[in-house]
There are 2 protein chains.
Amino acid sequence: MARTLPQPDREHIDLVSVLHALADPVRLELVRRLATDAPLSCTAVVEGIGITASTASHHFRVLREAGVTSTRQDGRIRYVSLRSADLDTRFPGLLASVVTAVGGPAYSATSVREIHS
Amino acid sequence: MARTLPQPDREHIDLVSVLHALADPVRLELVRRLATDAPLSCTAVVEGIGITASTASHHFRVLREAGVTSTRQDGRIRYVSLRSADLDTRFPGLLASVVTAVGGPAYSATSVREIHS
């Protein structure tokens, strides 16, 4: 049976926690990959980033507990999605500006370098 | 003679560093107060927040080194201003969305509580 892992309600999503969750090159890359808004399996999201399963699990937890993502466990598979609507209600324009920044050519070189350093 | 303290060039302002600099309730409050874009003395900016001079100095340094603010030393007085144009060129909409979020009634109660806890 599918269940949603614990996450803050929309009104309890905290700006400092969201900014902290986003202030990491790996998590920014995960957010960029999730920006399609379709739920993706954790395995698919981290593909090719070159991090261990436990590191990936840590990053997904930070994003979920901050309210940036929602995680649904379906059997042995976890599906992750961005909480775009909730974040845009709480902090209009914030997630969109971060996704634009991280997806732009000005950032991508830095991103790849930092992730693999 | 007035001089500008060391700060990253516009093209070296890094998204992760900016998000990290903003991910703190005191620094968010400083950014909110600086959102008029007029240079303000450090003393004026921190008035009433209830932090020591050394703590204030630390927070101003983090903001400056991340490229969020510019600091000009004029004799014994330091004037701080947001690098709004530089940030908006690098990461369009990001600073504006954060200033809106931190200035909104949804955040202010949390902000004051966290700063004084």
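The values are calculated or read from the model by the stated rules, or taken from the named source; none is laboratory data. Owing to the predicted nature of the structure, the values given are computational and were not obtained by experimental measurement. Note that we place each Cβ from the backbone using ideal geometry, even for glycine, and neighbour counts take in every protein chain shown. Surface accessibility is based on the protein's heavy atoms, side chains included, excluding ligands, DNA and RNA. Shrake-Rupley method; radii C 1.70, N 1.55, O 1.52, S 1.80 Å.
Here are a few things to note about the model shown:
- Qualifying residue in segment A:69-82 (condition: open to solvent by 70 Å² or more (accessible area, probe 1.4 Å) and within 20 Å of residue A:25 (Cβ to Cβ)): no
- Filter result for residue A:28 (at pLDDT below 95 and surrounded by 15 or more Cβ atoms within 10 Å (Cβ to Cβ)): no
- The residues of segment B:44-54 that are closer than 14 Å to residue B:29 by Cα and either open to solvent by 80 Å² or more (accessible area, probe 1.4 Å) or of a type in the set (S, T, N, Q) (or both) amount to a single one, B:47.
- Members of segment A:83-108 found to be open to solvent by 70 Å² or more (accessible area, probe 1.4 Å) and either acidic (Asp, Glu) or touching a helix residue (DSSP H, G or I) at 6+ places or on another chain (Cβ under 7 Å) (or both), listed by number: A:88, A:89
- Spans of helices (runs of 4 or more DSSP H) in segment B:1-92 with at least 1 residues among the hydrophobic types (A, V, I, L, M, F, W, C) and away from chain A (no Cβ under 11 Å): B:25-34, B:42-46, B:53-66, B:84-90
- Residue A:20 vs. criteria closer than 21 Å to residue B:24 by Cα and more than 14 Å from the chain's Cα centre (by Cα): no
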